[in-house]
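All of the numbers you see were taken from the coordinates with simple rules; none came from a lab. From a predicted model like this one, the values you see are computed outputs, not experimental measurements. Reconstructed Cβ throughout: ideal geometry from the backbone, glycine too, with neighbour counts over all protein chains shown.
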């Protein structure tokens, strides 16, 4: 109840801030476009929902487009939003270089652009808002590497060309340089768990002996779920798996009996959207001095803090959503661990 009251108070406060902004007069009734590269998982939906709540609390309307993982369509969607005369655009995911021409077109039309999960400030954008991908990858990679005692063959599933995923993978590669007994195997893939499952099945077939595969590193939970499915079907629970996001599917994998999944890094996804919505309100009210990037908190969910971590991210009704019993989880893995929230320290 306290959490609900805090959130309600926050949104009322955000609306009040918008209506009485120190940066200029705010007229409710703005039309804001959210251009998403894809809407496939809880991460995507959480950002959109967070932004929508803040903007609608301020009296604005929101229109959402879905490029279905196609960067070219994302650019087309942004152009269509510009041509439809929206007052502001929030972009979810993408590449700063690829987005720059579209942001320039929006600027020419006096339409502010806020980006989320791009991983860098696009020239002309107000700000970029993310989880700290370098920090989250360090947390997840540490958990995975320690689970295999820093030795063995690790298969790395990521999507080439996705900037925040490239960052996550680079951090792993940098860490592994200190551990010569760890051998990384790059497995480029697409945003498709079914493709990952097929790729993992081939890897398992080529490496049938227990111990021949130490671990699987996945760039994000939904993507990694394909590898977990393949490992479970092959009866190879000795293989350790971890990824990032704290999606509901991530918690399901973490807490299901017999799952090889050992950790996910949970990020405050709704707050990414909330910050984006507030940045848009402030930009339209005349504010100019935004930081280039803003980051949200994160924490590691493992077997020994899974119940508290799941409820922190999703609330007490998470158990109906993921169809698991917290008492059964605690019976299998005593809940002795704490949820330790970390955040980047910025000047």
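Figures for the structure shown
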| item | result |
| --- | --- |
| Relative contact order (%) - criterion: Cα under 8 Å, at least six apart; region: region 97-137 | 32 |
| Helix 133-147 axis, angle to the chain major axis (alpha carbon atoms, nearest 10°) | 10 |
| Angle in degrees between helix 221-233 and the longest Cα principal axis of the chain, rounded to the nearest 10 | 20 |
| Residue-averaged 222 nm ellipticity for the chain, from DSSP H runs of 4+ at -39500 (n - 2.57), nearest 500 | -14500 deg cm²/dmol |
| Order by protection proxy (mean Cβ within 10 Å, highest first), peptides 263-273, 293-303, 181-191, 279-289 | 263-273, 293-303, 279-289, 181-191 |
| Contact order normalised by residue count of the chain, Cα under 8 Å, 6+ apart, percent | 18 |
| Label-point separation in nm, residue 184 to residue 234, each point 7 Å along Cα→Cβ | 2.1 |
| Potential lengthening between residue 83 and residue 177 on full extension [0.36 nm per residue; Cα-Cα distance subtracted] | 29.0 nm |
| Region 183-291 - Rg (one decimal) and Dmax (whole number), Cα, Å | 18.4, 63 |
| Label point distance in nm, residue 321-residue 49, each placed 7 Å from Cα along Cα→Cβ | 0.5 |
| Crossing angle, helix 269-284 versus the chain [Cα axis fit, 0-90 degrees, rounded to tens] | 20 |
| Candidate values [x] 18.8, 55; [y] 21.1, 79; [z] 20.8, 67, label of the one derived for Rg and Dmax of the Cα atoms in Å | [z] |
| Region 138-263: relative contact order in percent, alpha carbon pairs under 8 Å with at least 6 residues between | 29 |
| FRET efficiency for residue 341 and residue 304, using Cβ-Cβ distance with R0 set to 25 Å, rounded to 0.05 | 0.95 |
| Alpha carbon centroid spacing (whole Å) that separates region 248-276 from region 64-118 | 28 |
| Extension gain (nm, one decimal) between residue 206 and residue 146, 0.36 nm per residue minus Cα-Cα | 19.1 nm |
| Peptide ranges 162-168, 237-243 listed from the most packed, as the mean C-beta count within 10 angstrom indicates | 237-243, 162-168 |
